[in-house]
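Right, one structure below, let's go through it.
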Amino acid sequence: MAFKLLDGIKVLDFTRLLPGGYATLLLADLGAQVLKVEDLAQGDYIRDMGPKVTDGNSAYFWALNRNKESMRLNIKHREGQEIVRRLVKHYDVLVEGFRPGVMERLGLGYEGLKEFNPGLIYCSLTGYGADGPYRSRAGHDINYISLAGILGLTGPADAPPVIPGIQVADMAGGGLPAAVGILAALVGRRSTGRGQYIDVAMLDGAVSLMGLYLGARLAGGEKPARGKTSLGGGRVSYGVYRTRDDRFVSLGCVEPKFWEVFCRVAGREDLLDHRFSTDETIFAVVREFFGTRTRDEIIDLFQGADSCVEPVLDVDEVLTHPQVIHREMVLEISLPGESPVRTIGPPLKLPLAETRNDTLPPAAGEHTGKTLALLGFDEETVISLRERGVVA
């Protein structure tokens, strides 16, 4: 269920794939009217990536693009650029994910477009930022977390770095800061009437996520090492342990009260004074405890105990977990005349906010005609634009 908190806010989304799509999804779920502006060739590549759902779009596309509209526009065409200038007069926010300088070369950079709408909030979401020696460098999530130090700290001490299971820099380092920056700029515009340029770099966001480790190092702290940090598997009370059935559980007993409960339930009160131990003999004792029981036996043993012990779930188990279901994180969106499509719901819960029904992810160019009509283009002109490869 989407909300109406941003009702009346209109967003132009020139991004593809994950980071920008996630940022504008958050805005769309909050009630903003998001128009995806896709090119006339492939459009948003994520439409074709991953398993397909019943409308021909991929499950990945569904997960990122509910509550949005789509138009197909050739922004390399002079008339396409003019349409963008007309669009920004009616929109509050523009989000783009091209390399630095691309939109400027097309005459669609912030400095040019703010002349048509001084209140325009313009967010550039890039890998390395709008300036600096890496501004034009290609990259993906794995590269950003490499440079930020996240990858180097992920995994056991005696093995190579482990790639995280999700795109950390794309989403937490890029999409989230972009959405927060846009919301802040919208609030600021209320008092100033002016828009804002927002420069979001996924590397910057990834470095920010490393704040605790980097901050400690800047203060003269010990250099952290993979598999040795207190929250990275280096302490016996915080880590992942294998069970007898070759499954895994997570142990997160940082606070004394949780560690005490763990020791009592495990029948190992002799470990009470070893909460932050790095001693291999203590690790071996805890491994032995978990290794003599199945994962489900461990969870049953700690059921109702005030301790931080949870199973490491696979994807199918997540989708059926009672807490995930209760929090409505599995969302059903109905296709006309077909079975509902299940996808992932919004993380925000705003019980006092007015809600609205979710809408289907758009077909490519589904709203091109509607959008052009709102700009004052008549049917004959729209047909001509289509024939000349300006829109589709």
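Look through region 149-168, keep the residues that are open to solvent by 60 Å² or more (accessible area, probe 1.4 Å) and either of a type in the set (S, T, N, Q) or within 17 Å of the chain's Cα centre (by Cα) (or both), and return whichever of them is nearest to Ile182 (Cα to Cα).
Gln167
Specify the residue that is most open to solvent (accessible area, probe 1.4 Å); the eligible residues are those in region 106-146 that are in a loop (DSSP other than H, G, I, E, B), of a type in the set (A, V, I, L, M, F, W, C) and in contact (Cβ under 8 Å) with a residue 40 or more places away in the chain.
Step one: list which residues in region 106-146 are in a loop (DSSP other than H, G, I, E, B), which gives 106-109, 114-120, 127-140.
From the residues that got through so far, the ones that are of a type in the set (A, V, I, L, M, F, W, C) too are 106, 108, 116, 120, 130, 138.
From the residues that got through so far, the ones that are in contact (Cβ under 8 Å) with a residue 40 or more places away in the chain too are 120, 130.
Working: Leu120: 0, Ala130: 30 Å².
So, considering only residues that are in a loop (DSSP other than H, G, I, E, B), of a type in the set (A, V, I, L, M, F, W, C) and in contact (Cβ under 8 Å) with a residue 40 or more places away in the chain, the one most open to solvent (accessible area, probe 1.4 Å) is Ala130.
Is it true that some residue in region 200-211 is in contact with a Lys or Arg (Cβ under 8 Å, 6 or more places away or on another chain) and at pLDDT 95 or above? Break it down stepwise before answering.
Filtering region 200-211 down to residues in contact with a Lys or Arg (Cβ under 8 Å, 6 or more places away or on another chain) leaves none.
Within region 200-211 (the criterion being in contact with a Lys or Arg (Cβ under 8 Å, 6 or more places away or on another chain) and at pLDDT 95 or above), the answer is no, since none of the residues qualifies.
Return only the number of the condition from (1) of a type in the set (S, T, N, Q); (2) over 23 Å from the mean Cα position of the chain (by Cα); (3) open to solvent by 50 Å² or more (accessible area, probe 1.4 Å) that Ser208 does not satisfy.
(2)
How many residues are more than 20 Å from the chain's Cα centre (by Cα) and of a type in the set (A, V, I, L, M) if we restrict to region 38-86?
8
If I ask for residues that are of a type in the set (Phe, Trp, Tyr) and under 15 Å from the mean Cα position of the chain (by Cα), which ones from region 127-148 would you list? Steps first, please.
Looking only at region 127-148, we keep the residues that are of a type in the set (Phe, Trp, Tyr), and these are 128, 134, 144.
Once the filter is applied, which keeps residues that are of a type in the set (Phe, Trp, Tyr) and under 15 Å from the mean Cα position of the chain (by Cα), region 127-148 yields only Tyr144.
Identify the single condition in (1) farther than 29 Å from His140 by Cα; (2) among the aliphatic types (A, V, I, L, M); (3) open to solvent by 40 Å² or more (accessible area, probe 1.4 Å) that Ala225 does not satisfy, given that it satisfies every other one.
With respect to (1) farther than 29 Å from His140 by Cα; (2) among the aliphatic types (A, V, I, L, M); (3) open to solvent by 40 Å² or more (accessible area, probe 1.4 Å), Ala225 is out only on (1).
Output the number of the condition that Gly193 fails; it satisfies all remaining conditions of (1) farther than 29 Å from Val11 by Cβ; (2) in contact (Cβ under 8 Å) with a residue 24 or more places away in the chain.
The failed condition is (1).
Is it fair to say Asp246 is exposed (fewer than 15 other Cβ atoms within 10 Å of the Cβ) and either among the charged types (D, E, K, R) or assigned to a loop (DSSP other than H, G, I, E, B) (or both)?
Details: exposed (fewer than 15 other Cβ atoms within 10 Å of the Cβ): yes; either among the charged types (D, E, K, R) or assigned to a loop (DSSP other than H, G, I, E, B) (or both): yes.
Yes.
Which ones in region 1-16 are of a type outside the set (Asp, Glu) and open to solvent by 20 Å² or more (accessible area, probe 1.4 Å)? Before you say what the answer is, go through the steps one by one.
Going through region 1-16, the residues of a type outside the set (Asp, Glu) turn out to be 1-6, 8-12, 14-16.
Once the filter is applied, which keeps residues that are of a type outside the set (Asp, Glu) and open to solvent by 20 Å² or more (accessible area, probe 1.4 Å), region 1-16 yields Met1, Lys4, Leu5, Leu6, Gly8, Ile9, Lys10, Arg16.
Does region 141-154 contain at least one residue that is modelled with pLDDT of 95 or more, over 30 Å from Thr278 (Cα atoms) and not hydroxyl-bearing (Ser, Thr, Tyr)?
The initial filter retains those residues of region 141-154 that are modelled with pLDDT of 95 or more, namely 141-154.
Subset that is over 30 Å from Thr278 (Cα atoms): 141, 143-144.
Filter once more, keeping what is not hydroxyl-bearing (Ser, Thr, Tyr): 141, 143.
Checked region 141-154: at least one residue is modelled with pLDDT of 95 or more, over 30 Å from Thr278 (Cα atoms) and not hydroxyl-bearing (Ser, Thr, Tyr).
If Val200 satisfies every condition in (1) over 23 Å from the mean Cα position of the chain (by Cα); (2) open to solvent by less than 20 Å² (accessible area, probe 1.4 Å); (3) touching a residue at least 40 places away in the same chain (Cβ under 8 Å) but one, which is the exception?
(1)
Looking only at region 255-263, decide whether some residue is surrounded by 12 or more Cβ atoms within 10 Å (Cβ to Cβ), assigned to a loop (DSSP other than H, G, I, E, B) and in contact with a Leu (Cβ under 8 Å, 6 or more places away or on another chain).
no
Condition first: basic (Lys, Arg) and either part of a strand (DSSP E or B) or under 20 Å from Ile299 (Cβ atoms) (or both). Can you find one or more residues in region 270-278 that meet it? It would help to see each step written out before you state the result.
Within region 270-278, the subset basic (Lys, Arg) is 275.
Filter once more, keeping what is either part of a strand (DSSP E or B) or under 20 Å from Ile299 (Cβ atoms) (or both): none.
Looking through region 270-278, none of the residues is basic (Lys, Arg) and either part of a strand (DSSP E or B) or under 20 Å from Ile299 (Cβ atoms) (or both).
Only residues that are charged (D, E, K, R) and closer than 20 Å to Lys68 by Cβ: list them for region 339-363, please.
From region 339-363, those charged (D, E, K, R) are 342, 349, 354, 356, 358; that's our starting set.
Across region 339-363, the qualifying residues are Arg342, Glu354, Arg356, Asp358.
Considering only residues that are under 19 Å from Val84 (Cβ atoms) and among the small types (Gly, Ala, Ser), look in region 24-55 and name the one that is most open to solvent (accessible area, probe 1.4 Å).
Among those that are under 19 Å from Val84 (Cβ atoms) and among the small types (Gly, Ala, Ser), it is Ala41.
The values are calculated or read from the model by the stated rules, or taken from the named source; none is laboratory data. Source: prediction; values computed, not measured. Methodologically, a virtual Cβ is constructed for each residue, glycine included, from the backbone with ideal geometry; neighbour enumeration extends over all protein chains shown. Just so you know, the surface numbers come from the protein's heavy atoms only, side chains and all, with ligands and any DNA or RNA stripped out. Shrake-Rupley method; radii C 1.70, N 1.55, O 1.52, S 1.80 Å.
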